[in-house]
Every structure is written in C-alpha cells, then in structure tokens.
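Peer 1: Below you will find the structure I want to go over with you.
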Amino acid sequence: CSVVAETLFNTYDMGWPLHRQRRIFERMGMQLSASTLADQVKWGTELLRPLWLEAIDQSLTADVMHIDGSGLD
C-alpha cells in the first residue's frame, strides 16, 4: 500500500511521470514497469473515489465556500 501511496503522491503532488518513478524504484531494487505503476495509480484513485465524491457533495451543499483570489492547481 505504501508503494501505491508514494506513486499517487509523486504523480499528483510532485508531477513526476511514471517512467521517472519507475527509474527511482529501480534504484531502490524494485523492478516495476510503467504500466504496473499506471495500474497502481488506477487502483489507488478508485479506492479514494468515495472520499472525492463526499468532498464534492459537502462543497456543493455548503452555505459558504471559502475561496481566495489565487488560482487553483
């Protein structure tokens, strides 16, 4: 599960492509293909989908949304 979390973090927060992450894991002794990492990203995002849907529901039903003037990433 920590490989999935690490891959999701590196993909969505750090913006690292999967082929770069594959090389990092390879240096740590883990032989993973980019397609295997893509499968893990898909699996991890499917697990997080209920949280994402709940966040959307709570945002849309909120009386007030606190948004500042900066752009959204």
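The values are calculated or read from the model by the stated rules, or taken from the named source; none is laboratory data. Quick caveat: nothing in here was measured; it's all calculated off a predicted structure. Cβ coordinates were reconstructed from backbone atoms using ideal geometry, including for glycine residues, and neighbour counts include every protein chain displayed. Accessible surface areas use protein heavy atoms only, side chains included; no ligands, DNA or RNA. Shrake-Rupley method; radii C 1.70, N 1.55, O 1.52, S 1.80 Å.
Peer 1: Over the chain, calculate the relative contact order: mean separation of alpha carbon pairs under 8 Å at least 6 apart, over the residue count, as a percent.
Peer 2: 26 percent
Peer 1: Now a separate question. Quick one: what Rg and Dmax do you get for the stretch 1-70 from the alpha carbons, in Å?
Peer 2: Looking at the stretch 1-70, its Cα Rg and Dmax stand at 16.0, 51 Å.
Peer 1: Roughly how many Å² is the accessible area per residue of the chain, as a whole number, for a 1.4 Å probe?
Peer 2: Values: 5920 Å² over 73 residues.
Per-residue value: 81 Å².
Peer 1: Additional query: Multiplying the sequence separation of Arg23 and Ser59 by 0.36 nm and subtracting their Cα-Cα distance, what value in nm do you get?
Peer 2: Full-extension gain reported as 9.1 nm.
Peer 1: Projected onto the charge dipole of the chain (+1 at Lys/Arg Cβ, -1 at Asp/Glu Cβ, origin at the Cα centre), which of Gly69, Asn10, Leu51 gives the Cα projection farthest towards the positive end?
Peer 2: Asn10
Peer 1: May I ask you to give the percent of accessible area on the chain that is carbon plus sulfur, with a probe radius of 1.4 Å?
Peer 2: 58 percent
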